Amino acid sequence: MTTTVINKPPVQSASVKPPASRRSNGRTPGQRAITPWLYILPAAILVVGVIYVGIGYTGWVSTLNWNGIDASGRQVGFDNYIAAAEDPVLWQALGHVLVFGILTIVIQMVLGLIMAILLGSNAVFGRPIYKVVMFLPVVLAPAAVATAFRGILAPDGQFNGLLHALGISSANSAWLADPHFALYSIAAINIWQWTGFSFLLYQAAISQIDQTLFEAAAIDGAGTFKVVRYILLPQVRGTTATLALTGCIGALKTFDIVYLTTGGGPGRSTEFLTTYVYKQVIEQYHAGYSAALSIILLILALTLTAIQIRAYRFGED
Amino acid sequence: MKITAQGWMTKVAAVTVIAIAAVGMTACSTGSSTTSSSAKQTINWWSWNPDNTQDKAWITAFEKEHPNITVKHRFIQIADYPNAVRLAATSGSGPDVFGLQVGAMTTQFAPLTADLAPLAAKNIGADWKSKLNATDQLVVSGKQVGLPWMITGGGLVWYNKTIFDKAGATPPTNLAEWQTACAKIEAIQVKCFIQGAKDDWVNLDVYQTIANQITPGTFYKAVNGKASFNSADFTKAFTIWKSLFSDGIIQSGALATTQYPDANDAFNKGQAAMIAFGTWNDDHMTTATLAANTATYGDQIKSSVFVPIAFPDVVGGAKETGRLFGGPDVGWAISAKSTKQAAAFTLVQWLTSSKTAQTMMATSLQTPALKSVPVPDTGLADPAVQKPALAEQAKQIGNLIGSRQITNADVATALSQALSSVASGQMTPAAASASVQKAIDTAFGK
Amino acid sequence: MFGRPNKRTRLIAQIAATALALPFLLPLVAIVAESLQGEGFIKNYQAVLTKTPILQSALNSAIISAGVIALVYVCTMLSAYAFGKMNFAGKKLVFNAILVGLVLPTIALVVPLFLIVQKLGLFNNYLAVIVPLAATVIPFTLLLTRNYLAAIPDEVLEAARIDGCSSFGTLVRIVLPLAKPITAVLVVWAFLQAWNEFFLPLLFLQDQSLQTVTTIPLYFTGTYGSDQPKIFAALVLICLPIVIAYLSLQKFFEKGLSAGAIK
């Protein structure tokens, strides 16, 4: 059982067991060897038929000098990868993704968890309203979100208006148009949009926790903070790990909100790997180079995934 | 009919899914079972222009004159258009006729198109090239990949005369006058000049205009590798471009504003007094267009007077002002994969060189591709100022200084990046010229 | 907070929740306010409902969403059960191989998908959109669901087997009922992805009568300028079905439903 590592099973009895006992638990004596494969088959067919064909095709295109339109491209081997390694924009973009990823993952998790705890109990009045407010940003089309935030974060927009109302009368920054703030502003928009998703997952995880644990803690006189720290957090560790992993991948794949608010600018100050991939193939007609960047993105994401899977397993043992 | 949000929600959630199933089914089946006579053909026509609000008028007029051909139009906004067409046009189920933007798109999409020169010679006449404007911008390696629909030019500034009058400002001809006008306009709480500098194309327009004031026409040689871009002139143009931002001509926050819809909305709502649009905005001089826009921008737009003027001399002693650059705004191409080439060309011919279609074009004050159709100057909101502006425009359209669109996408990208970086203080003007020159050298193999 | 909160706890929780929710609410207000500009609430929303084929596109999107949700649910539950609760050689490898699907940028999929759809002659067929969408959603839902199912104590499954359930019987009778909260997440997520998809329908469903709800704003988008308030009205209306789905699945998150059943 090596892949469970990104999730720590929340119920104590299943959490730490010697490998031998896991194996005996996993397969009942009469289970045929082929059974698990039958369960996996439908998902595997879909993923191989679509994703792997996509990866294979992209891998092939990444070895071409091709505009994506002509009948065929010219084979150039690894030239596109060599060019990518020397491309300062790629490294710049990776730096942006790193900063963006750390900010958004941590803040979205913390805010989502706090809201899930607050709204998970019956202490708050009008919970459905709060839940809708948290969830609406997740479902809104990027076009609406981006257009609205271009206005909100403009020098004469509502955000500076709010700052004025709070007594910061000098607030006149162009939050998205200033290279010093643009990346952080995009991170803020992302946090606004995706905290509701962290909230949703924590909500599902908390609803699974055995209530008797809380009741026992209450009898022992543990305060809210202690209950969260020693009972709730360990119980939702699996979700936290999942969010960290999907957050990393999400950061690497962030596209719409960047493309529609700053377009990667000013200059290259908010260029992401995905916006660069898109611009290379759609605006500059470098399908081969763009495919190589896609493959680099894929390898990066896989490496990150592997590291995280290992990290969480070590954390568990 | 009053529908509250609540009522709508429940309806959609519960009832309509089933109810509309019936509607959907019938719609599908009528679509596939159109009874057709053997001679009748259906043409798929894709474009970003005309859009969903205008296409019916074109189709109705066309089908009236060509009853054997049915046209199915698909509007795809320009943001998604290249990605959709580059794929669809490689298949037999894509468009028969599709629009092309001159410049990089035309160059790259050329393999997807049929050569229109023989068809044009046969159907329009041997002298087809002299009947139409600027057909040469739609030629790639000797192949006529499209025919022009209308001609537009950039290099202008539009001002809202209503606001100017209210502020007591006069349209500027140079930088000092521009700053004076801005002071007066900002005094009545209106933005002076709005630039959607997130959109590269409008930055390229303004930069070309500045460069043409310093060294008329050299820009077009330089971006094609036939003159140096890394020169004092182009560096000076970058310096002036930067000063438009730092001296407050271009509004703060411009780099996160789009030309469409953000800046355009602000201009039409009367929140900004000036904008860098080209001749494609001409229909906004007509009372008809203004009236049609009240739904979006309120009644105030009906009394607004929009007037184009030459971009003011911002370089201090411009060699020339008022020169326009441009060409075909949309070129109509036929997919090489189309199995209905003849019918497809009937549509292209009608759009580009029929009296009916080109007169429709002229009615919205756009310069028709067909030279024999004049642009009327009727229906103007304020003929006293707009008639002379139109006359000047017609003169300049006949004397274009260059082709507006850069044909090499890498050069266009390098210049766009340089403009955004210079404007935001991340690059010096000298480094900007050098970076563009580097892209030109790579593109033209030096 | 946990258990029966007293008055003071309630007040603090209420204030904290409000303070946290406000920054999320304000931009929403701005978005809704934009949809009321121009001709105003009634005329904007009326225009969306009457001047666009919104009912038909909603039906198309509903068909696509239903297909995606069904496909994702079946594939995810079956494979998550195997990955979470069975042991077999090569499990780690296959699981990670499916997770690779999480990371491929969508733009890299468009061209190969187009070639496949072209080969199979699936233009103007809902399957051309449903199958690729499901394939891109499954890696994510599998990750979530597998973790969730793995957390179900083995004792529960063992008990079912002792009672004579086959492995499939255990999945249907024991595991699926216990997995309701994650099922809610899965359904909402698959619905969101399918309902909001723009480019695949644009490319593969070329027939006007097959257009999806995401194309509705295009009726107010012009070549030069667009009717922003009506676009916002359309976007607000379009997202309502997902919100309704989310709200109606809330009962799956009710406390004790799963935890109580496990014990």
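Computed from the coordinates by the stated procedures, all read-outs in this text should not be read as laboratory data. Values in this document were obtained by computation on a predicted structure and should not be read as measured data. No Cβ is skipped: glycine too gets one built from the backbone with ideal geometry, and neighbour counts run over all protein chains shown.
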Query - Cα shape, chain A, gyration tensor, a/c 1.5 rule - result: oblate
**Report entry** Reachable aspartates and glutamates from B:Lys143, criterion Cα separation under 19 angstrom, eight or more residues apart if same chain
**Finding:** A:Asp70, B:Asp96, B:Asp115, B:Asp127, B:Asp329
Query raised in the report: Once amide H atoms are placed 1.01 Å from N in the peptide plane, what residues at a sequence separation of 5 or more from B:His73, or on another chain, have their amide H within under 5 Å of its amide H?
Result: B:Trp45
Query raised in the report: Using θ = phi - 60° and the Karplus form 6.51 cos²θ - 1.76 cosθ + 1.60, what ³J(HN,Hα) does each residue of segment A:243-253 get, whole Hz, x for Gly and Pro?
Result: 5, 4, 5, 5, x, 4, 5, x, 4, 5, 9
Report summary line: To the nearest 0.05, the calculated FRET efficiency linking B:Lys40 and C:Ala70 through their beta-carbon distance, R0 being 41 Å, is 0.55
Report summary line: segment A:45-68 and segment B:135-200 have their Cα centres apart by a whole-number Å value of 44 Å
**Report entry** Inter-chain shielding of C:67-73 (mean C-beta neighbours from other protein chains, 10 Å cut-off)
**Finding:** 1
Query raised in the report: With labels modelled as points extended 7 Å from the Cα through the Cβ direction, what inter-label distance (nm, one decimal) is found for B:Ala431 paired with C:Lys43?
Result: 5.1 nm
Query raised in the report: On the first, second and third principal axes, largest extent first, how far apart are the outermost C-alpha atoms of segment B:29-183 in Å?
Result: 67, 42, 31
Report task. Determine the shielding of peptide B:420-426 by partner chains: average, over its residues, the number of Cβ atoms on other chains within 10 angstrom of each Cβ. Result -> 6
Report summary line: For the protein assembly as shown, percent of DSSP beta bridges that are antiparallel (nearest 5) comes out at 65 percent
Report summary line: With the 8 Å Cα cutoff and a minimum separation of six or more residues, chain A has a relative contact order in percent of 32 percent
Report summary line: The relative contact order of chain C, taking Cα pairs under 8 Å that sit 6 or more residues apart, comes to a percentage of 31 percent
Query raised in the report: Which of rounded, prolate, oblate describes chain C, given a ≥ b ≥ c as roots of the alpha-carbon gyration tensor eigenvalues and a/c under 1.5 marking rounded, otherwise prolate only if a/b is larger than b/c?
Result: oblate
Query - Formal net charge of residues neighbouring C:Leu78 (Cβ-Cβ distance under 12 Å; K, R +1; D, E -1) - result: +2
Query raised in the report: Which residues' amide hydrogens lie under 5 Å from the amide hydrogen of B:Ile275, considering only partners 5 or more residues apart or on another chain, with H built in the peptide plane?
Result: B:Trp158, B:Ile194
Report task. Compute the Cα gyration tensor for segment A:237-304, then decide on rounded, prolate or oblate, letting a ≥ b ≥ c be the square roots of its eigenvalues: rounded whenever a/c is under 1.5, prolate when a/b is larger than b/c in the other cases, and oblate in all that remain. Result -> oblate
Requested in this report: From other protein chains only, count the Cβ atoms within 10 Å of every residue's Cβ in B:338-351, then give the mean.
Outcome: 0
Query - Choice from C:Pro53, C:Pro229, C:Pro27 with maximal GNM fluctuation in chain C (Cα, 10 Å cutoff) - result: C:Pro27
Requested in this report: Please find, in a Gaussian network model of chain A (springs between Cα atoms separated by less than 10 Å), the residue of A:Leu304, A:Leu201, A:Leu273 whose mean-square fluctuation is greatest.
Outcome: A:Leu304
Query raised in the report: B:Lys221: which lysines have alpha carbons under 18 Å from its alpha carbon, excluding same-chain residues fewer than 8 sequence positions away?
Result: B:Lys236, B:Lys319, B:Lys438, B:Lys446
Report summary line: chain B, Gaussian network, Cα under 10 Å: of B:Ala114, B:Ala222, B:Ala391, the residue fluctuating most is B:Ala391
Query raised in the report: Say each of A:Asp70 and B:Lys371 gets a label point 7 Å from the Cα, pointing the same way as Cα to Cβ; how far apart are those two points in nm?
Result: 3.5 nm
Requested in this report: Mind sorting B:Thr346, A:Thr195 by how few other Cβ atoms lie within 10 Å of their own Cβ, fewest first?
Outcome: B:Thr346, A:Thr195
Report summary line: So, with points 7 Å from each Cα along the Cβ direction, the B:Lys166-C:Arg8 label distance in nm works out to 5.8 nm
Query raised in the report: Using Cα pairs under 8 angstrom and six or more residues apart, how large is the relative contact order of segment C:32-177, in percent?
Result: 32 percent
Query raised in the report: Using modelled amide H (1.01 Å from N, peptide plane; none on Pro or chain starts), what sits under 5 Å from the amide H of B:Phe311, excluding residues fewer than 5 places away?
Result: B:Val157, B:Gly322
Query - Proximal lysines to C:Lys91, defined as alpha-carbon separation beneath 30 angstrom and excluding residues fewer than eight positions away on the same chain - result: A:Lys8, A:Lys17, A:Lys253, C:Lys180, C:Lys263
Report summary line: Across the alpha-carbon set of segment A:86-173, Rg over Rh with Rh taken as the Kirkwood radius works out to 1.08
**Report entry** Globularity ratio of chain B, using Cα Rg and 2.2 N^0.38 Å
**Finding:** 1.06
